[in-house]
Amino acid sequence: MSVAEQSIAGAEARGHGFLASSVGRKVVMAATGVILFGFVTVHMLGNLTSYMGAEAMNHYAQFLRTMVHGMGIWVFRAVLLTAVGLHIWAATTLTLDNMAARPVGYRNQQNVASTWASRTMRWSGVILAAFIIYHLLHLTTGTVHPNFDHANPYANFVNGFKVPAAAGFYIVAQLCLGLHMWHGVWSCTQSFGLAHPRYNSLRRNFATGLTVLVVGVNISYPIAVLTGFIH
Amino acid sequence: MSKHFNLTLHVWRQKNAKCDGKFVEYPAENISPDMSFLEMLDVVNEGLIRKGEEPIAFDHDCREGICGTCSMVINGRPHGPRERTTTCQLHMRSFKDGDSITLEPWRAEAFPVIKDLMVDRGAFDRIIAAGGFISVPTGSPQDANALPIPKESADLSMDAAACIGCGACVAACPNASAMLFVSAKISHLGHLPQGQPERYLRVRDMIAQMDAEEFGTCTNHGECEAACPKGIKMENIARMNRDFIKASLTYRPATTSGGGAG
């Protein structure tokens with residue numbers, strides 16, 4: 001049998017579809033990643049109101065709950081939940097494919113170009129998923145919050161971070177977010193095919209800049225509460 | 001004359017694809033720093049043959065770095081420690097007396113071990129057969145330069161065409177992904193006018209075959225680019241992704257009532 005005959009028939013193979021293909025799932029990963037990076041950036045900016053005092057932050061929270069007659073927040077939640085679901089689905093299936101692609105490993109593989117961030121994506125991702133569940137139970141539903149008051153988000157924010165263990169977990173989770181974003185923001189441009197020598201340093205610098213900004217400001221919140229700057 | 005030296009090799013020995021393999025230790029004695037890595041293995045093998053043992057099987061052909069046949073992972077790096085160097089072009093002066101060297105085959109589900117350090121890279125041939133070609137009518141040759149091609153396109157095409165299909169990218173990738181190889185072949189044809197008619201069919205066919213061969217997927221570590229003996233760039237992978245996205249968005253399902261004159 002010739003090599004050409006051993007290749008799977010073109011039309012039949014092509015029929016396996018965009019979402020089943022390796023590159024297709026990477027594009028899903030990248031597109032949902034952009035939604036999630038966009039969200040954490042806006043989330044970080046919104047929380048800056050905490051530095052402006054209780055009234056500003058509570059007013060901002062009120063706006064989020066009431067925009068578009070209270071529908072807006074549910075639209076955002078639906079989009080985010082879908083994005084997170086697709087992101088985890090793509091990551092899981094691609095990871096399983098990658099593990100199956102090398103059943104026998106090397107005795108001592110030398111890493112030359114990869115970064116610690118790129119090699120720990122699946123672990124930083126799992127920690128972030130656990131953190132998001134905790135974060136929702138902590139400051140959205142108040143289930144694991146010491147003294148939650150639905151009417152006063154600012155007080156919840158301050159009292160939540162006064163518990164050093166909780167503040168510590170937030171800081172660790174933000175560092176994981178940093179690792180995940182630094183590789184992810186750059187990586188998604190590659191998955192979308194946005195590579196060109198003129199823009200290569202720009203996309204690396206953009207990933208670094210956005211990561212430092214988001215993570216730096218986010219970490220400042222629990223630290224500001226613990227040091228009494230926000231009280 | 002430069003000083004000869006001794007090494008210890010830890011070599012993956014595997015009888016065939018079905019058997020389990022294991023590492024076996026061999027001394028490599030009186031090695032000249034001017035030998036190539038494969039010549040060093042030839043010396044070790046001659047010793048094994050004299051003792052009546054089975055020599056270490058490894059792939060090699062041109063021994064001048066252009067055929068892409070030699071393939072082994074040396075101390076955890078495909079083709080060894082030097083950049084842009086195939087195993088056959090690696091010299092023993094890159095090592096020193098008393099060094100311990102681990103030799104393993106390319107490790108990927110899609111590259112089954114034939115014997116010891118030799119793997120079956122037929123998966124690459126099947127990917128090429130799926131779309132890595134252009135269809136042209138043969139006949140009398142065209143005038144030279146009848147088709148205008150910008151210098152930049154010719155250069156980028158040639159850079160991608162430098163791929164010798166050795167599989168070091170797959171071996172180096174933590175996910176055993178073949179995307180650097182496939183993207184090099186797609187870019188090599190896609191930068192030229194002759195590659196345009198089948199451009200968007202090609203990218204879908206080759207990626208479908210790549211997936212069917214059970215290679216892993218790219219997570220943008222960059223290990224492939226660092227291991228490639230021909231310096232193929234990851235920019236090609238981005239280009240392949242771009243072509244695939246466009247091909248998937250604009251694909252027209254085949255219909256039975258096609259074209260026709262009139």
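Please treat every number below as a calculation from the coordinates, not as lab data. Here the structure is a predicted model, which is why all the values come from computation and not from measurement. Neighbour counts run over all protein chains shown; Cβ positions are idealised from the backbone, glycine included.
Taken together, the residues in segment B:104-118 that are part of a strand (DSSP E or B) and either within 11 Å of chain A (Cβ to nearest Cβ) or over 15 Å from the mean Cα position of the chain (by Cα) (or both) amount to 6. Quick check on segment B:215-224. Is at least one of its residues part of a helix (DSSP H, G or I), farther than 15 Å from A:Ser7 by Cα and either in contact (Cβ under 8 Å) with a residue 12 or more places away in the chain or among the small types (Gly, Ala, Ser) (or both)? For segment B:215-224, residues part of a helix (DSSP H, G or I), farther than 15 Å from A:Ser7 by Cα and either in contact (Cβ under 8 Å) with a residue 12 or more places away in the chain or among the small types (Gly, Ala, Ser) (or both): present.
Annotation note: of A:Gly105, A:Gly53, A:Gly33, A:Gly72, the sole residue that is away from every other protein chain (no Cβ under 14 Å) and at negative phi is A:Gly72.
Being assigned to a loop (DSSP other than H, G, I, E, B), surrounded by 14 or more Cβ atoms within 10 Å (Cβ to Cβ) and within 24 Å of the chain's Cα centre (by Cα) is true of B:His60. Note on segment B:222-250: among residues that are in contact with a Gly (Cβ under 9 Å, 6 or more places away or on another chain) and more than 9 Å from chain A (Cβ to nearest Cβ), the one that is surrounded by the fewest Cβ atoms within 10 Å (Cβ to Cβ) is B:Lys230.
The listed residues are A:Val112, A:Val126, and the only one of them that is without any contact (Cβ under 8 Å) to a residue 12 or more places away in the chain and either outside any helix (DSSP H, G or I) or among the acidic types (Asp, Glu) (or both) turns out to be A:Val112. Every condition in (1) within 11 Å of chain A (Cβ to nearest Cβ); (2) closer than 21 Å to A:Leu96 by Cα holds for B:Leu180 except the one numbered (1).
Tell me, which residue of segment B:183-211 that is part of a helix (DSSP H, G or I), more than 8 Å from every other protein chain (Cβ to nearest Cβ) and of a type in the set (D, E, K, R) is nearest to B:Arg84 (Cα to Cα)? In this case the residue turns out to be B:Lys185. Screening A:Leu19 on (1) more than 23 Å from the chain's Cα centre (by Cα); (2) outside any helix (DSSP H, G or I) shows it passes everything except condition (1). Do we find that B:Glu214 is at the interface with chain A (Cβ under 7 Å from one of its Cβ atoms) and surrounded by fewer than 24 Cβ atoms within 10 Å (Cβ to Cβ) in this structure? Yes.
In a residue-by-residue description of segment B:75-88, the property of being touching a strand residue (DSSP E or B) at 6+ places or on another chain (Cβ under 9 Å), over 25 Å from B:Ile164 (Cβ atoms) and more than 14 Å from every other protein chain (Cβ to nearest Cβ) applies to no position. Considering only residues of segment A:192-227 that are of a type in the set (S, T, N, Q) and assigned to a helix (DSSP H, G or I), which is farthest from A:Ala31 (Cα to Cα)? This residue is A:Ser220. Anything in segment B:40-57 that is assigned to a loop (DSSP other than H, G, I, E, B), free of Cβ contacts under 8 Å to residues at least 40 places away in the same chain and of a type in the set (Gly, Ala, Ser)? List them, or say none. Across segment B:40-57, the qualifying residue is only B:Gly52. Scanning segment B:216-234 for residues that are touching a strand residue (DSSP E or B) at 6+ places or on another chain (Cβ under 6 Å) and small (Gly, Ala, Ser) gives B:Gly216, B:Ala227. Residues in segment B:130-142 that are within 29 Å of A:Tyr106 (Cβ to Cβ) and not in a loop (DSSP other than H, G, I, E, B): B:Ala130 only. For segment B:2-50, the candidate set comprises residues that are among the charged types (D, E, K, R) and within 12 Å of B:Leu103 (Cβ to Cβ); within that set, the residue that is surrounded by the fewest Cβ atoms within 10 Å (Cβ to Cβ) is B:Glu25.
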